[in-house]
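This report concerns only the one structure given below.
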Amino acid sequence: MTLDLVNVSPTSPTTMSDLYASLEKDGYAMLPGIFSADQMHDLGTRLIAALEAHPGPAVLESRGRIYGSRNLLAAAAWLIDLARTPPLAEVLHQTLGAEVGLVRGLYFDKPPDRSWSLPWHRDRTIAVTDNTIISEHFDNPTQKAGIAHLEASDQLLASMLTLRIHLDAMTPVNGPLSVIPGSHLLDATKEEPPVILAAQAGDVLAMRPLVSHASSMSKEGITAHRRIVHLEFAASPELPDGVRWHDFLSIEDR
């Protein structure tokens, strides 16, 4: 099954300039209408089939239904193709450079009957092949679903970008994401009040890992899901001191 890419009108230089300015100042920017609602429906179906075919501790289930994955690339390495759509590839190359690659993929859903929330936090950990290597650039080794992780330096995290692809609309009632603009700069004087984000199916949120963010519970009685494909990208395949990414998929490979 192939995902046909949505036809996207070329973005004007002014619009792209505004987007990069928002990423620099606020740490995030919403890219509307990158994919169609039909593409997101097909993507959701394909993802669940892939995760069912690759069971294991990284696949999260509740009441017999899959609601997440901590190692999405093991089941769906083809997700790199989404990053090769012209608008997303342009953003990745402009922000991270020519060597940019996909280093981790997560999937999660907020089912209507099994919602959850997350407190304010920053995404500070990366997935690696071995977290026992001694390095001044990394700290706090952990295991998540059998995969080695390390807390990375602020310098490394500042050279990464996350793309969050919305399979469903994100509204005030289905546990939306909140962010603190400017928090990626790690300077409290440059932070702005929290913002609750909204999105339509097919919109893509570009976000720096160091942006402080949180999400609320879905409102009682709603029937809407909130499914997200969360893809993390790094500027280089190389890490300091012999540490290696668990995965690194170049967006240039065909």
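The values are calculated or read from the model by the stated rules, or taken from the named source; none is laboratory data. This is a predicted model, so every value here is computed, not measured. All Cβ positions, glycine included, derive from the backbone under ideal geometry; neighbour counts span all protein chains shown. These area figures cover heavy atoms from the full protein model, side chains too; ligands, DNA and RNA do not enter into them. Shrake-Rupley method; radii C 1.70, N 1.55, O 1.52, S 1.80 Å.
Tabulated data for the structure shown
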{"read-out": "Cα centroid separation - the stretch 211-254 against the stretch 83-150, whole Å", "value": "4"}
{"read-out": "Where labels lie 7 Å past Cα in the beta-carbon direction, separation of Ile222 and Asp81 in nm", "value": "3.1"}
{"read-out": "Whole-Hz ³J(HN,Hα) from phi, Karplus 6.51 cos²θ - 1.76 cosθ + 1.60, for the stretch 205-217, glycine and proline x", "value": "9, 8, 8, 6, x, 7, 5, 6, 8, 7, 9, 9, 5"}
{"read-out": "Theoretical FRET efficiency, 1/(1+(r/R0)^6), r = Cβ-Cβ of Asp38 and Asp187, R0 41 Å, to 0.05", "value": "0.45"}
{"read-out": "Value of D in µm² per second that Stokes-Einstein yields for the stretch 143-254, Kirkwood Rh from Cα pairs, at 37 °C (0.692 mPa s)", "value": "203"}
{"read-out": "Under-5 Å amide H pairs with Leu177, H placed in peptide plane, nonlocal only", "value": "Leu197"}
{"read-out": "Loop GluC sites (Glu not before Pro), the stretch 79-137 (other Cβ atoms within 10 Å of the site Cβ: 10 or fewer; DSSP)", "value": "Glu136"}
{"read-out": "222 nm mean residue ellipticity, helices alone, for the chain (DSSP H n ≥ 4; -39,500 (n - 2.57); rounded to 500)", "value": "-6000 deg cm²/dmol"}
{"read-out": "The chain - accessible surface per residue (Å², probe 1.4 Å)", "value": "48"}
{"read-out": "Carbon plus sulfur fraction of accessible area for the chain, probe 1.4 Å, in percent", "value": "52"}
{"read-out": "Glu136 paired with Ala49, simple spin-label distance in nm, labels 7 Å along Cα-to-beta-carbon", "value": "5.2"}
{"read-out": "Label-zone membership for the stretch 199-230, site Ser117, 7 angstrom Cα→C-beta point, backbone N under 12 Å", "value": "214-220"}
{"read-out": "Order by protection proxy (mean Cβ within 10 Å, highest first), peptides 168-178, 211-221", "value": "168-178, 211-221"}
{"read-out": "Stokes-Einstein diffusion coefficient of the stretch 103-193, Kirkwood radius over Cα pairs, 37 °C, 0.692 mPa s, in µm²/s", "value": "207"}
